[in-house]
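Trainee: What follows is a single structure, and I will ask about it in a moment.
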Amino acid sequence: AQAYWITPEGGNATQTTPGVGQVAATPHTVGAYTDITRKLLIQNGISSQNLVADELRGAIARAVEAAVFSGTGANGQPTGLDNFTEVIGGETVGIPTVSMTAGAPTHANMVEFWSKIYSANANGERMSFIGSPAVKALLRSTRDVTVIKNEAGTDNVAAVGTDYLCDSDSRVEGYEFHMSNLCNSKKLYFGDWREIMLAFWSGIDLTVDTASLSLSGGVRVVALQDCDVVIRHRESFAIGTALA
């Protein structure tokens, strides 16, 4: 939508028509099953089924979270941040990137993450960093170093380290840093995470199949879910490779 200044005093507001786009979501099915033997069943009964069902729910949740970051868009997977592209003006573009020297992040890199998003007017109220434990460890052990030159400005005479890139409160440039073992372990992600929508067509469908293993007296627990990852605005994110 666009706003207009009103003149003269007592004048009417100008009509505006918001620009509205549409992003399609397609169900992708993720699932797994586990067989439970008769001997385990006679020892624990329904508790065994509940334990397996909880494990399968957790496996599906992890698969969906991993797809948010690195879903390939192939072999039944949704498309995640690492592989997202769209065509704008005849040009194929992906998620904005921050050029980093792997293993040697700098304060300038951290600034570039948020400046890219603000420059695109794609910032939100809940922006944060996400990275693997290894990436966080790198940022927690890397200082923002200021190089001091001699009076002529020709030689470096000292290097002064100030704060770590990620402070003890798990904040980078004032933004929260969250760890995930399910993102690309070498990359650093930043953005407004509300701009990713997870579409679900149902809850997790659990089936306890007593027929497939009936000859041995076992049961098969099957879990299935249909979902998709929808990235509303690619400009709301930035990705950098922090580790080699």
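The values are calculated or read from the model by the stated rules, or taken from the named source; none is laboratory data. Please read these numbers as outputs of a predicted model, since none were measured by experiment. Note that we place each Cβ from the backbone using ideal geometry, even for glycine, and neighbour counts take in every protein chain shown. With ligands, DNA and RNA removed, areas are computed over all heavy atoms of the protein, side chains included. Shrake-Rupley method; radii C 1.70, N 1.55, O 1.52, S 1.80 Å.
Trainee: Can you tell me which condition residue 114 does not meet? The list is (1) open to solvent by 50 Å² or more (accessible area, probe 1.4 Å); (2) over 11 Å from residue 238 (Cα atoms), and all the others hold.
Mentor: Among (1) open to solvent by 50 Å² or more (accessible area, probe 1.4 Å); (2) over 11 Å from residue 238 (Cα atoms), residue 114 violates only (2).
Trainee: Could you tell me how many of the residues in the stretch 20-43 are more than 30 Å from residue 75 (Cβ to Cβ), open to solvent by 80 Å² or more (accessible area, probe 1.4 Å) and not hydroxyl-bearing (Ser, Thr, Tyr)?
Mentor: Selection size over the stretch 20-43: 5.
Trainee: Also, quick follow-up: Can you tell me which condition residue 80 does not meet? The list is (1) touching a helix residue (DSSP H, G or I) at 6+ places or on another chain (Cβ under 8 Å); (2) open to solvent by 90 Å² or more (accessible area, probe 1.4 Å), and all the others hold.
Mentor: With (1) touching a helix residue (DSSP H, G or I) at 6+ places or on another chain (Cβ under 8 Å); (2) open to solvent by 90 Å² or more (accessible area, probe 1.4 Å) applied to residue 80, the lone miss is (2).
Trainee: Can you list residue pairs whose Cβ atoms sit under 8 Å apart, with the first residue in the stretch 48-61 being free of Cβ contacts under 8 Å to residues at least 60 places away in the same chain and the second being not in a helix (DSSP H, G or I)? Count only pairs 6 or more apart in sequence or on different chains.
Mentor: 48/36; 55/34
Trainee: Now, a different point. Name the single residue, out of those in the stretch 117-148 being among the hydroxyl-bearing types (Ser, Thr, Tyr) and crowded, with 17+ Cβ neighbours inside 10 Å, that is farthest from residue 69 (Cα to Cα). Walk me through it before giving the result.
Mentor: Narrowing the stretch 117-148 to residues among the hydroxyl-bearing types (Ser, Thr, Tyr): 118-119, 128, 132, 141-142, 146.
If we keep only those that are crowded, with 17+ Cβ neighbours inside 10 Å too, we end up with 132, 142.
Working: 132: 12, 142: 25 Å.
So the residue we want is 142.
Trainee: Test residue 229 against the criterion of being in a strand (DSSP E or B), farther than 23 Å from residue 28 by Cβ and aliphatic (A, V, I, L, M), and give yes or no.
Mentor: no
Trainee: For residue 85, indicate whether it is β-branched (Val, Ile, Thr), more than 18 Å from the chain's Cα centre (by Cα) and open to solvent by 40 Å² or more (accessible area, probe 1.4 Å).
Mentor: no
Trainee: Regarding residue 182, is this residue surrounded by 16 or more Cβ atoms within 10 Å (Cβ to Cβ) and part of a loop (DSSP other than H, G, I, E, B)?
Mentor: Taking the combined requirement at face value, the residue satisfies it.
Trainee: Which members of the stretch 44-64 meet the condition of being closer than 14 Å to residue 31 by Cβ and either in contact with a helix residue (DSSP H, G or I) (Cβ under 9 Å, 6 or more places away or on another chain) or open to solvent by 90 Å² or more (accessible area, probe 1.4 Å) (or both)?
Mentor: Residues satisfying the conditions are 55, 57, 62.
Trainee: Testing residue 235 on (1) more than 26 Å from residue 58 (Cβ to Cβ); (2) assigned to a strand (DSSP E or B); (3) among the acidic types (Asp, Glu), one condition comes back false. Which one is that?
Mentor: (2)
Trainee: Moving to a separate point now. Among the residues of the stretch 65-77, write down those that are hydrophobic (A, V, I, L, M, F, W, C) and surrounded by fewer than 17 Cβ atoms within 10 Å (Cβ to Cβ).
Mentor: 74
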